[in-house]
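To start, the structure itself, in structure tokens.
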Amino acid sequence: MKRRRTTLLSVLALLAAAFTTLPAAPQARADEAEQIRNGTFDTTTEPWWTTSNVTAGLSDGRLCANVPGGTANRWDAAVGQNDITLVKGETYRLSFSASGTPDGHVARALVGLSVAPYDTWFEVSPQLSVSGNAYSYTFTSPVDTAQGQVAFQLGGAADPWRFCLDDVSLLGGVPPEVYEPDTGPRVRVNQVAYLPDGPKNATLVTDAASKLPWRLRNTKGAVVAQGWTVPRGKDISSGQNVQSIDFGSYRGRGKGFTLTADGETSRPFDIGAEAYEQLRLDSLKYYYTQRSGIAIREDLRPGYARPAGHLNAAPNQGDAKVPCRPGLCDYTLDVTGGWYDAGDHGKYVVNGGITTWGLLSTYERSLHARTGRPSSLGDRTLAVPESGNKVPDILDEARWELEFLLKMQVPAGKPLAGMAHSKIHDEQWTGLPLLPHQDPQKRELHRPTTQATLNLAAAAAQAARLYGPYDKAFAAKALRAARTAWTAALAHPALHPDPDDGIGGGAYPDDNAADEFYWAAAELYLTTGERQFADHVTKSPLHTADLFGSVSFDWASTAVPARLDLATVPSGLPGREKVRQSVIKGADTYLATLKSQPYGMPYAPADNMYDWGSNSQILNNARVIATAHDLTGAAKYRDGAVQSMDYVLGRNALNISYVTGYGTVSSHNQHSRWYAHELEPGLPNPPKGTVAGGANSSIQDPYAQSRLQGCVGQFCYIDDIESWSTNETAVNWNAALAWMASYVADQGRQAGPAAHPGRG
Ligand code: 9MR
């Protein structure tokens with residue numbers, strides 16, 4: 001039942017393994033060997049077992065089982081076989097025939113550990129039919145074990161049903177399956193929308209070495225523009241030979257345009273800004289359904305209603321009275337509320353802080369940027385329970401997390417008082433699907449860290465200056481918490497997270513807190529104007545360092561957030577002009593990267609190693625470019641930032657929009673315990689406006705390892721719920737999308753007098 005996260009060390013080990021095996025000559029492979037005993041059920045069902053509520057027997061040379069109705073979980077009714085040996089790194093083919101009566105029942109077939117903690121190494125959940133089907137899958141074992149299990153979990157149905165099984169085989173030593181993604185037409189476009197007066201670029205995958213003609217057609221099929229492609233040669237990020245198409249001179253508007261070149265026609269797209277107005281809201285509406293400790297209302301999110309999770313209502317052990325990990329503290333905390341981090345039920349202060357900043361800075365930009373307009377994020381924009389309270393909905397949403405962050409602070413009088421516990425999550429990893437209110441695991445507080453404490457300080461300090469006009473008491477409370485956290489972090493400057501603390505929740509390893517100190521000091525300074533914080537900011541070596549590498553910022557690197565806010569939020573900081581220039585210079589770096597990339601994204605990681613959550617890193621780099629536009633008004637930055645959205649929305653090697661519900665083909669099977677439609681047809685897919693993590697060269701999860709071995713850059717992604725390292729949803733990633741969607745929507749508004757003059 002547990003999902004394994006890979007720590008940094010094991011990622012490095014994995015990479016080392018990949019590097020040593022990949023370029024080598026083909027290795028001798030073991031002979032194919034059957035691991036299942038009696039998979040054909042000719043005379044007996046031995047040695048297959050069933051749970052005690054399942055009656056199984058032979059029927060026409062098959063195993064047939066009567067499965068009871070009314071069980072809660074898949075694993076409450078099962079058939080399986082134990083004592084299976086698996087060899088690490090060896091590829092296996094699991095195949096079987098199965099039927100289910102009546103139609104439509106799901107069997108969860110898995111290969112995993114037969115004893116606690118019941119790790120799952122491979123699983124699929126096909127929907128069965130009365131007539132039956134043959135199923136076949138390959139996967140690579142991530143472990144050596146003699147305690148393997150093949151099981152068919154059949155529980156969770158309301159009514160009794162009948163399951164029949166035959167020809168079960170687990171064949172070892174088979175060649176790894178070559179996964180061929182369906183990438184559709186070779187003309188790659190932003191499948192959502194280009195701005196009428198914005199850049200319009202596409203990428204053509206072709207073997208042709210010389211230029212080719214292209215045509216732009218409107219929805220009626222009439223050619224409205226044409227020109228020539230530009231050959232770009234081999235693209236490192238995808239390994240493909242590509243050409244680029246620039247149709248930016250076309251300024252018309254409309255829906256359903258297509259682009260044709262080399263005999264291929266792109267997926268359709270709009271030219272207009274409407275989709276970005278929608279995306280601004282959808283990417284922010286995402287947070288309500290991530291909320292913990294509150295029932296999600298059907299009237300606000302049709303199709304997404306669910307009971308409140310982790311309120312100490314059984315089977316939850318809940319978040320109202322959470323103890324520490326054994327031996328860590330003598331108190332319990334009420335840490336109800338907040339957002340679930342991602343597809344798991346964990347809540348992490350580090351990621352919570354940077355995400356809250358992402359939302360608050362989306363709002364803060366609307367106050368200060370020349371194209372910003374606060375009303376676009378005002379009250380009644382996001383359909384949250386607080387809509388109508390005269391507070392901007394985005395502030396209501398961020399407050400849900402802020403209140404949680406403040407609860408994670410160690411109480412006065414206790415050891416490490418004022419520090420923040422790094423995280424709270426389950427004792428063990430849980431399986432999928434699992435709605436928050438059904439999570440039966442024990443919840444635990446993990447050790448306070450300097451990084452978590454400073455994340456809290458930064459987000460709370462920023463909140464203090466933004467909530468003042470709406471709730472003075474809350475603003476004051478947030479500032480007090482930020483000051484307490486700051487003082488505690490100064491007293492404990494090197495309590496780093498344990499990189500091996502990755503059971504039941506993610507580790508978020510980070511062995512350097514200098515960037516968190518710089519960021520928290522910057523937010524405290526911008527809110528209070530106090531000299532002590534200005535001094536810390538200006539004396540930090542990070543204040544003048546070049547911070548704009550291949551990843552500008554993410555949850556682990558928070559110096560750029562400080563730089564962006566020091567550059568854009570009005571203040572009297574000495575040397576502020578230099579800070580602004582440093583952001584502009586950083587944007588120049590990303591513009592150069594974007595121009596060098598035939599797919600037009602501001603991202604070119606070292607050795608083409610796409611990182612975990614690469615989509616958010618692309619969006620964050622785009623955000624630096626957008627901020628340079630806010631600072632200068634120069635069109636080149638606006639164009640670069642706007643163009644960066646193309647990659648996320650479909651102009652990429654996989655021809656997929658990574659945002660659910662946007663574009664003809666979009667990610668919709670993101671790893672999540674409750675948007676688990678792929679596993680449980682009664683559950684929804686993620687809500688529209690959910691961005692997937694994206695290509696990740698390290699493919700840490702077994703499913704990606706079984707399908708994507710040897711993948712090049714952009715191809716290290718698969719839209720499957722099992723692929724938690726390439727296809728998870730996460731609050732910090734959606735914040736990057738929300739900021740950028742809001743920025744692009746602001747660029748799309750009809751030209752007219754600025755909502756207010758540019759300031760700051
Ligand atoms: O995005 C995170 C990635 O950068 C880290 O390397 C990885 C290991 O800590 O964790 C990722 O974040 C996950 C977190 O640990 C647990 N919740 C889901 C997050 C997204 O996958």
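The values are calculated or read from the model by the stated rules, or taken from the named source; none is laboratory data. Just so you know, these numbers come straight off a predicted model, no measurement behind them. Because the Cβ atoms are built from the backbone with ideal geometry, glycine has one as well, and the counts that use them run over all protein chains shown. Calculation scope for accessible area: heavy atoms of the full protein, side chains included, ligands and nucleic acids excluded. Shrake-Rupley method; radii C 1.70, N 1.55, O 1.52, S 1.80 Å.
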Can you grab the distance from the C-alpha centre of the stretch 92-153 to the C-alpha centre of the stretch 442-505, Å, no decimals? 43
Once you have a ≥ b ≥ c as the square roots of the Cα gyration tensor eigenvalues for the chain, tell me rounded if a/c is under 1.5, and otherwise prolate or oblate according to whether a/b is larger than b/c. oblate
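When the solvent-accessible surface of protein heavy atoms is calculated with a 1.4 angstrom probe, in what order do K595, K211 fall, highest first? Write down the numbers at each step before the final one.
Details: K595 135, K211 115 Å².
Of K595, K211, the descending order of accessible area is K595, K211.
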Roll a 1.4 Å probe over the protein heavy atoms and report the accessible area of I656 in Å², nearest 10. 20
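So which of K423/K595; K390/K688; K472/K636; K200/K578; K88/K407; K423/K477 end up more than 31 Å apart, counting from Cα to Cα? Show your work: numbers first, answer last.
Details: K423/K595 40 Å; K390/K688 26 Å; K472/K636 40 Å; K200/K578 33 Å; K88/K407 43 Å; K423/K477 21 Å.
Table pairs above 31 Å Cα-Cα are K423/K595; K472/K636; K200/K578; K88/K407.
Run the numbers for A33 and N389: contour at 0.36 nm per residue of separation, minus the present Cα-Cα distance, in nm. Mind showing how you got there, number by number?
Values: separation 356, 0.36 × 356 = 128.16 nm, distance 6.58 nm.
Once the chain is fully extended between A33 and N389, it gains 121.6 nm.
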Compute the angle between helix 450-466 and the longest alpha-carbon principal axis of the chain, please, reported from 0 to 90 degrees and rounded to the nearest 10. 50
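On a 1.4 Å probe surface of the protein chains, which of K285, K472, K220 comes out largest in accessible area, and what is the full order? Mind showing how you got there, number by number?
Numbers: K285 55, K472 160, K220 185 Å².
Largest accessible area first, the list is K220, K472, K285.
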Cα centroids of the stretch 587-653 and the stretch 351-390: how far apart, whole angstrom? 23
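Is the shape of the stretch 553-674 best called rounded, prolate or oblate, per the rule: a/c under 1.5 gives rounded, else a/b larger than b/c gives prolate, else oblate, with a ≥ b ≥ c the square roots of the Cα gyration tensor eigenvalues? Intermediate values should be presented prior to the final figure.
Numbers: a/c = 2.09, a/b = 1.72, b/c = 1.22.
Because a/c hits 1.5 or more and a/b exceeds b/c, the stretch 553-674 counts as prolate.
What do you reckon, how do T453, T45 stack up by accessible area (1.4 Å probe), largest on top?
On the way: T453 0, T45 30 Å².
Heavy-atom accessible area, descending, gives T45, T453.
Under a 1.4 Å probe, what is the accessible area of the chain per residue, stated in Å²? Intermediate results must be reported in sequence, preceding the final value.
On the way: 27290 Å² over 760 residues.
Per-residue value: 36 Å².
If R0 is 25 Å, what FRET efficiency do you get for E90 and D607 from their C-beta distance, rounded to 0.05? Mind dumping the intermediate values first?
Working: r = 28 Å, r/R0 = 1.10.
With a Förster radius of 25 Å, E is 0.35.
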Per DSSP H run of n ≥ 4, the term is -39500 (n - 2.57); total these for the chain, divide by its residue number, and report the mean residue ellipticity at 222 nm rounded to 500 deg cm²/dmol. -9000 deg cm²/dmol
In Å², nearest 10: area of Y304 left accessible to a 1.4 Å probe: 50
Helix 349-368 versus the longest principal axis of the chain: what angle, 0 to 90°, nearest 10, using Cα atoms? 40
The rounded separation in angstrom of the Cα centers of the stretch 280-338 and the stretch 202-270 is 46
Using only Cα atoms, tell me the angle between helix 274-285 and the longest principal axis of the chain; keep it within 0 to 90° and round to the nearest 10. 70
Phi-derived 3J(HN,Hα) across the stretch 176-189 with the Karplus relation (6.51, -1.76, 1.60, θ = phi - 60°), rounded Hz, x for Gly and Pro, is x, 6, 8, 8, 10, x, 7, 9, x, x, 7, 8, 9, 10
